[in-house]
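Structure record follows, encoded as structure tokens.
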Amino acid sequence: MAFGSELPALELFIDKTSKLENSGFVNKIRQEFTLDINIDLSRTDVLEVRSIRPNQENIDAFILTFRFFIQDNEAISIRKLQKFFDSNFVTNEEKTKFNAIRKSLNDFLSENSNLIFKEENISNSLLMDTFIYGGLSHATKGKKEKFDLWMSRDDAQEFFWHKFSIIIFTVLQAIQSIRDMLLIVIERNKNA
């Protein structure tokens, strides 16, 4: 494998990361992102949830690009980058760092989201997949049904949207770390 043949995918990874960083979604998260809960037992509607989060258009646009990094049919998916990081173009230290980022990300996605719906403990991965493939991009039947069920509860919707936003922002941070490594690897190998 020649470095030149790998370069287009690496540059695409960098370009798509920049697109995510400059998105309306990220700008809203950085400016103002809150979830306020007010419980007033003197009212019939005791629970009031107020959320400030990116709007639907910002989320939809972000997910369109975000999927490049999580779908294995894409050349720049994090899983597919493993092959590049196993190559001789990267140092042992870079391989170790990439593997640590990937492990940390997979561990995070496997963690419990602290959301339970109808006695189901929802992992970060399940929540992310259900939102992306059940509500935002594809409409996989089982995931669409689950997404619609979660959204059917007005008192729960904002909890789910808030946690989803935190999850994808956390994944973005891993993507940014990988991008930073790729910039160094590209510079070193272009000059070799």
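The values are calculated or read from the model by the stated rules, or taken from the named source; none is laboratory data. Treat the numbers as computed from the prediction; the structure is a model and nothing was measured. Every residue, glycine among them, receives a Cβ derived from its backbone with ideal geometry; neighbour counts consider all protein chains shown.
Does the stretch 93-112 include one or more residues that are touching a helix residue (DSSP H, G or I) at 6+ places or on another chain (Cβ under 7 Å), among the small types (Gly, Ala, Ser) and without any contact (Cβ under 8 Å) to a residue 24 or more places away in the chain? Within the stretch 93-112, one or more residues are touching a helix residue (DSSP H, G or I) at 6+ places or on another chain (Cβ under 7 Å), among the small types (Gly, Ala, Ser) and without any contact (Cβ under 8 Å) to a residue 24 or more places away in the chain. Within the option set 81, 127, 115, 172, being more than 16 Å from the chain's Cα centre (by Cα), modelled with pLDDT of 95 or more and either exposed (fewer than 13 other Cβ atoms within 10 Å of the Cβ) or of a type outside the set (Phe, Trp, Tyr) (or both) holds for one residue only, 81.
The number of residues in the stretch 101-122 being charged (D, E, K, R) and farther than 24 Å from residue 175 by Cβ comes to 3.
To keep it simple, each residue is scored yes or no on (1) touching a residue at least 40 places away in the same chain (Cβ under 8 Å); (2) farther than 29 Å from residue 84 by Cα; (3) out of contact with any strand residue (DSSP E or B) (no Cβ under 7 Å at 6 or more places or on another chain).
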| residue | (1), (2), (3) |
| --- | --- |
| 158 | yes, yes, no |
| 161 | yes, yes, no |
| 164 | no, yes, yes |
| 169 | yes, no, yes |
| 174 | yes, no, yes |
| 179 | yes, no, yes |
| 185 | yes, no, yes |
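Picking from residues in the stretch 35-78 that are at pLDDT 90 or above and exposed (fewer than 10 other Cβ atoms within 10 Å of the Cβ), the one that is nearest to the chain's Cα centre (by Cα) is 72.
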